[in-house]
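Please treat every number below as a calculation from the coordinates, not as lab data. What you see is a predicted model, and the numbers here were worked out from it, not measured in a lab. Virtual Cβ from ideal backbone geometry, glycine too; neighbours counted across all protein chains shown.
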Amino acid sequence: MPAIEIHGLTKHFGKTVALNGVNLKVPEGSIYGFIGPNGAGKSTTIRVLLGLLKKNAGEVKLLGGDPWRDNVELHRRLAYVPSDVQLWDNMTGGEIIDFLGRLRGSYSKERRAAFIERFDLDPTKKCKTYSKGNRQKVALISAFVSDVELLILDEPSTGLDPLMEGVFQQCLKEARDAGKTVLLSSHILSEVEAVCDQIGVIRAGKIIEEGSMEELKTLIHQQTPPTLEALFLNYYKRDAERGA
Amino acid sequence: MKQYFHGTLSLMGLYLRQNRIFTFVWLLLPGLWVTINTVSSLVLFPTQEALAEMGVSLIDPLTEAMHGPLLDVSVAGFVTWRTKVFLVLLGGIFSIVYMIRHTRLAEEQGKRELLGSNVTGSLAPLAAALVNMVIINALSAILAVLAMAALGLGFVGSLAHCLGFFAASCVVGILAGLVAQFFVSARAARGMSFGLFGLLFCLHILWNVSGRHNPLAYLNPMDWPLLINPFAEERFHLLLIPLALGATLAALSLHLMAWRDVSGGLVPQRRGRAFAKPGLRSLSALAWRRQKGLFLSWLCFYAVLSFMLGWASYLMVSAVSSAEALSELIARLGGMDRAFLTLFLYVFGLLISVYVMMSAGILREEEAAKGEIVLSMPVRRERLVLSHMVYIFGGSAAIMLMSGFCVGLGAVIGTGDDGALTRLFFKMAGMIPALWAIGGIALLLFGALPRWMTGISYGLLTLFVLMEIFWEQQQIPEVLYALSPFSWITPLKAVQPAAAPAVLCVAAVLLAGAGIALFQHRDAAV
């Protein structure tokens, strides 16, 4: 059974159509790379999955439940890292990691200590004084600390230095090896190429390509240079031409 | 020296381009207010006899507490006397909001960093905000002078009046710019500025009530429009005081700005706990973290203020009013000192409704800024609202009760009237349902129009206060006035409906319930 299954998802804000019939399937135990240009609908899709936004039409199944109706039950089984992490100014990173872990209900001191060490975070600093990368680390640690089935990560590694990027990718792989599912929205295509098993490309509120990394590999090799980035840019070009 | 201020002119232009509606209202409101007052005075007092009669009726301790003595019995004298307090409050509030926005708030949002990395001097952001604030105040004063002169009130007196509130507004704004240097958060800086402004206002009232002239009044901006004596042998040389005071405070704030780091305060940030306290595990605990600063500062502020008010009421015990219009009210409220306290407690009730809106504003802020994190946790949406409702409803009630208790305590000590404690405590308690109705309105807006909530809620509060003023002048019907929660508790009504608390509580429950239900079914507005 797929961890996430979406059929014909539509969402509009007033007259603006943000999602125009999204179809997407995230297999259980995989790392799914969710890519697309700015404003394509990645964050909107994710917010529907989290029950923050109400869909206008379509079918959405998350861990076998309805993300709007069963949100409390489902949120116990997932952890989320937003793209623009805003934290409580007068709380320290350590306090926030503890608080969010307790609220989610799955949390262990050992995992907390391990991840704080791996991400090299000073947990005694007030969030106001953290840099963007450090705020991102707080959110990432709080997500990895919880023992959940699904991680939803919206551009989680922006602001991380190359060393931390490596740690982050390692953590993702470990999560998959432990049987967890990851939905990773990202602009860093080298990261997607390195860790993802499945890829979905969204543009203007529609999925324009979906498939496993294995399938894409042959396509990637036909590009010059043979990278996911080149393939990705080609998709855009083709789609834009089709639109015109 | 010059390089510190490089780019000030460009920044002034940039600031003026922002928040144009805010600036527009700030520019026009003072002129509009004196115009409305002048026209209505001309209609109310068409003859010299009518004016003289009014002059007698205004020698009244209650009115003098607010406005000070009437200096000149004429339409011009009356208008300047009636409008000055409001004009200073208006100019001061706008100046504070403006200064904090372009200093501490801009810094908090990282705008100053962006500007500072460009070719601007390190003091330019503060200097530009200061100069703009003074210019806008000056323009609004000029418009008010022109309006008054055009209505035939006499140029020199009008000039003195407007210079008075201009100087006061500017110095309050400069003070806010100074306060902004001390606090790392814009909220704290704004709160402190308003607190200081409120303190100046209370001192002004206290000195008016005591009837003696206090030499310290020369240092209080609230008193300048009175001390400059508009239309009664104007004393323009008094303006040297605001000039010197303003220059000193501005120089001090620039000096501190140059001294400290960008986004730093004067007090360095301390390290915090590496582990959360065991109690920090629920939304209620989080709400306490978010709300406690606002709640405790309001609680303490009103405790002290109420005690001072209660104690000062002894000054009114032997005061006699000669105003016929008020005599019935005073008799009904049980004497001048009781009337004084009743009216002021009512004003406290109106002011504490601002706390209700601010507290509800924190809930909205939690949704807007942290909604993605909080609402993706296994929590029900209504739990988030309930955790903050404790402060919106319970917190406001606690502040009211504390205020009632302290005013009573002060009155017992000041006047020796033993019954004052219970009487005043229950008087304050009786007003709580009206604040709850206001809280209900805030929650309904939170559910229905989250992105517009802050603007509309403060707009509604202003509207309710204006309705009160118009109702007093019998310009709006009773039915319309009944829409304001305050109409159910105002001491100006001879008979308060017995059902008032029940009606207000039911309204609060319905409004809050509707707000929560709407929140449960709408998109999260992050």
Cross-link table A:Lys42/A:Lys237; A:Lys54/B:Lys370; A:Lys15/A:Lys126, entries beyond 30 Å C-alpha to C-alpha: A:Lys15/A:Lys126
Proportion of all alpha-carbon pairs of the protein assembly as shown beyond 38 Å (%): 50
Region A:88-200 - Debye-derived log10 I(q)/I(0), Cα point model, q = 0.14, 0.18 Å⁻¹: -0.54, -0.91
Label-to-label distance, nm, for residues given as B:Ile413 and A:Lys132 (7 Å Cα→Cβ offset): 5.5
Diffusion constant of region A:59-134 at 4 °C, which comes from Stokes-Einstein with the Kirkwood Cα-pair radius and 1.567 mPa s, µm²/s: 91
Gyration tensor verdict on region B:354-485 (Cα atoms; rounded if a/c is under 1.5, prolate if a/b is larger than b/c, oblate otherwise): oblate
Summed side-chain charge close to A:Ser146 - residues other than A:Ser146 whose Cβ falls under 12 Å, Lys, Arg +1, Asp, Glu -1: +4
Centre separation in Å (Cα based) which lies between region B:180-217 and region B:1-76: 19
Given charges at Cβ of Lys, Arg, Asp, Glu: region A:1-129 dipole, positive-most of A:Ile4, A:Val60, A:Pro123: A:Val60
Most positive-pole-ward Cα, B:Tyr4, B:Leu238, B:Cys505, against dipole of the protein assembly as shown from beta carbon charges: B:Tyr4
Cα-only Debye scattering, region A:144-212: base-10 log of I(q)/I(0) at q = 0.11 Å⁻¹: -0.28
Difference of contour (0.36 nm per residue) and Cα-Cα distance, B:Trp288 to B:Ala258: 7.2 nm
Cα centre as origin, Lys/Arg/Asp/Glu Cβ charges: the protein assembly as shown dipole, Debye: 1080
At q = 0.15, 0.18 Å⁻¹, base-10 log of I(q)/I(0) for region B:1-92 (Debye sum, equal scatterers on each alpha carbon): -0.69, -0.85
Helical contribution to [θ] at 222 nm, DSSP H n ≥ 4, -39,500 (n - 2.57), averaged over chain A, rounded to 500: -12000 deg cm²/dmol
Farthest toward positive dipole pole in the protein assembly as shown [+1 Lys/Arg, -1 Asp/Glu at C-beta], among A:Leu100, B:Val79, B:Leu153: A:Leu100
Reachable lysines, given that their alpha-carbon falls under 27 Å from the alpha-carbon of B:Lys84 and they are not under 8 places away in the same chain: B:Lys493
Per-residue mean of C-beta atoms belonging to partner chains within 10 Å, peptide A:75-88: 4
Helix A:109-118 vs. chain A, principal-axis angle (Cα, 0 to 90°, nearest 10): 70
Partner aspartates and glutamates for A:Lys125 [C-alpha distance under 16 Å; skip if fewer than 8 residues away on the same chain]: A:Asp89, A:Glu95, A:Asp98, A:Glu117
Paramagnetic reach from B:Phe275 (point 7 Å along Cα→Cβ, amide N under 11 Å) across region A:106-138: A:109-110, A:113
Test item: Cα-centred dipole of region B:337-436, Lys/Arg +1 and Asp/Glu -1 on Cβ, debye: 180
Cα gyration tensor shape of region B:77-220, rounded if a/c is under 1.5, else prolate or oblate by comparing a/b with b/c: oblate
Residue mean of other protein chain beta carbons inside 10 Å, B:117-128: 0
Prolate/oblate/rounded label for region B:150-211 (Cα gyration tensor, a/c 1.5): oblate
Sequence-separation-based contact order of chain B, relative, with Cα cut under 8 Å and 6+ spacing, percent: 14
Straight-distance crosslink candidates among lysines, where the alpha carbon sits under 16 Å from A:Lys180 and sequence neighbours closer than 8 are dropped: A:Lys25
Relative compactness, chain B, computed as alpha-carbon Rg over 2.2 N^0.38 Å: 1.01
About the Cα centre, charge dipole magnitude for region B:120-277 (Lys/Arg +1, Asp/Glu -1 at Cβ), debye: 940
Least to most buried among A:Lys109, B:Lys2 (fewest other Cβ within 10 Å first): B:Lys2, A:Lys109
Kirkwood Rh, angstrom, chain A [1 / mean 1/r, Cα pairs]: 18.6
Diffusion coefficient, µm² s⁻¹, Stokes-Einstein with Kirkwood Rh over alpha-carbon pairs of region A:170-244 at 20 °C and 1.002 mPa s: 160
